[in-house]
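Colleague: Pasting in a structure now, in structure tokens, and then I'll have a few things to ask.
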Amino acid sequence: MPAKDTIVIVCTANICRSPMAERLLSHALAAEKPPLNQLKVISAGVAAGHGHAATDHSITAMKKVGIDLADHVSQPLTQEMLDRALAVLTMTETHRALIQIGFERVPEHMHLFREFMNTDADSEIPDPYGQNFNNYVSSRDSMVEAIPSILRFLRTIAPAA
């Protein structure tokens, strides 16, 4: 059984939401103490192709907060990724359901990215694909808002360093 050392972030095509969330969470984890700063973060899509760049609006939205997304390359979600996952964070309930029905084994911890927030705000992050730049900024900001609650959750499940 592979080590559970990865956080997998999932959206549809792995070119907008999950790449932004991957880089935001990686950035936040790098500032943490062990064992959190030792976790890997990857992103994938339930309907992703191989090798596509992040959208221009995603790249620009991340650049505005000092994070480079220009080197992102899309990838479909695989069973191997799920087997290594300490946790899977999805953008929508549909993504979670597709993983549950489409894969033989799913991690114990599979949650919405915004699920741990103590708020009445929407727990799903809508797909900005094909929309204007402000929708990408809104998606990014809803992810940033969720990061502290995700860090609190990960502290409760991360293996000891």
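Colleague: Using r as the Cβ-Cβ distance of I67 and N134, and R0 as 22 Å, what FRET efficiency do you calculate, to the nearest 0.05? Mind showing how you got there, number by number?
Modeller: Values: r = 18 Å, r/R0 = 0.84.
Approximately 0.75, to the nearest 0.05.
Colleague: Do any trypsin sites (Lys or Arg not before Pro) in segment 61-113 lie in a DSSP loop with no more than 15 other beta carbon atoms within 10 Å, and if so, which?
Modeller: Numbers: sites: K63, K64, R84, R96, R105; in loops: K64, R105.
Here the sparse-neighbourhood loop sites are K64, R105.
Colleague: Alpha carbon centre of segment 125-161 versus segment 59-94: separation in Å?
Modeller: Computed from Cα coordinates, the inter-centre distance equals 10 Å.
Colleague: Stretch E93-Q38 to full length: gain in nm at 0.36 nm per residue minus the Cα-Cα span? Can you show the working numbers first?
Modeller: On the way: separation 55, 0.36 × 55 = 19.80 nm, distance 2.79 nm.
Full extension of this stretch gives 17.0 nm more.
Colleague: Sticking with this structure for a sec: Just going by the charge dipole of segment 1-105, with Lys and Arg at +1 and Asp and Glu at -1 on Cβ, which of H50, N37, M20 is farthest out on the positive end?
Modeller: Checked the options; the winner is N37.
Colleague: Rounded, prolate or oblate, given the Cα gyration tensor of segment 1-92, with a/c below 1.5 counting as rounded?
Modeller: Numbers: a/c = 2.28, a/b = 1.16, b/c = 1.97.
The shape class here is oblate.
Colleague: To continue, here is another question. Loop by DSSP (not H, G, I, E, B), at most 10 other beta-carbon atoms within 10 Å: where is the longest site-free stretch of the chain for GluC sites (Glu not before Pro)?
Modeller: Numbers: sites that count: E104, E108.
It runs 1-103.
Colleague: Expressed as a rounded percentage, what relative contact order does the chain have, with Cα pairs under 8 Å and six or more residues apart?
Modeller: On the way: 304 pairs, mean separation 43.6, N = 161.
So the answer I get is 27 percent.
Computed from the coordinates by the stated procedures, all read-outs in this text should not be read as laboratory data. These numbers come from a predicted model, not from an experiment. Glycine gets a Cβ as well: all are built from the backbone with ideal geometry, and neighbour counts include every protein chain shown.
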